[in-house]
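Throughout, read-outs are computed from the coordinates displayed, never taken from laboratory work. The model shown is predicted, which means the values in this text are computed figures rather than measured ones. When we count neighbours, we look across all protein chains shown, and the Cβ atoms used for this are built from the backbone with ideal geometry, even at glycine.
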Amino acid sequence: MKHPLRLLQALTLFLAGTFGLFVFAGNLMDYDSNFQFVRHVLSMDTTFEGNALMWRAIESPVIHHIAYIGIIIAEGLFAALGVIGGVKLFRLRDASVAAYDKARIWGYAAYGLGFLIWFVGFIIVGSEWFAMWQSSIWNGKDTAMGISTLWAGFAVLLAMNEPAPVAESSK
């Protein structure tokens, strides 16, 4: 098989984008279910009783909707970057190193945005700032950690280069 690493890079990027597409579509098709998650996290209404961090709570429904729509837009952009980038990498799998490297920007953008959504958004902001970890119902920290770890690993995979071919006389 010619360029197996490039095929793997294209596939993982495309599948990451497909995941993002399913998340994006799910948030649009079942807006209220996932909106409730955002609403409860931001309002901190299911955190520990007597929580000294309640001053951080945001109870405005308008802000809840703005935050959720922002998440949906970011997930849609992540999906587009991943799917388009995966297709571009696949099409360039036999291209020069320079041409292939130029197309990797789609993957770096996708994984960077994915890391911002799931690590910064859900783990740092949601879990730590809004104490989402205290909720037995509305706690997505573990899921977000797994997704963040995956995007970081995929970004490392994307940065890898195939080894130079060994000359016939060296074998």
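A few points about this structure:
- Separation of segment 1-62 and segment 81-116, taken as the distance between their Cα centroids, equals 23 angstrom.
- Local electrostatic count at residue 38 - Lys and Arg +1, Asp and Glu -1, tallied over other residues with Cβ under 14 Å: -4
- Given +1 at the Cβ of Lys and Arg, -1 at the Cβ of Asp and Glu and no other charges, the dipole of segment 18-171 around its Cα centre is 500 debye to the nearest 20.
- Signed unit charges on C-beta, dipole axis of segment 50-171, positive-most listed residue 143, 71, 100: 100
- Counting only alpha carbon atoms, the long axis of helix 97-115 and the longest principal axis of the chain meet at about 10°.
- Value of relative contact order over the chain, rounded to a whole percent, pairs C-alpha under 8 Å and six or more apart: 32 percent
- Helix 141-159 axis versus longest C-alpha principal axis of the chain: approximately 20°, rounded to the nearest ten.
- Angstrom value of the Kirkwood radius, inverse mean 1/r, which spans all Cα pairs in the chain: 17.6 Å
- Length gained on full extension, residue 73 to residue 87: 2.9 nm, using 0.36 nm per residue less the C-alpha separation.
- Crossing angle, helix 4-29 versus the chain [Cα axis fit, 0-90 degrees, rounded to tens]: 30 degrees
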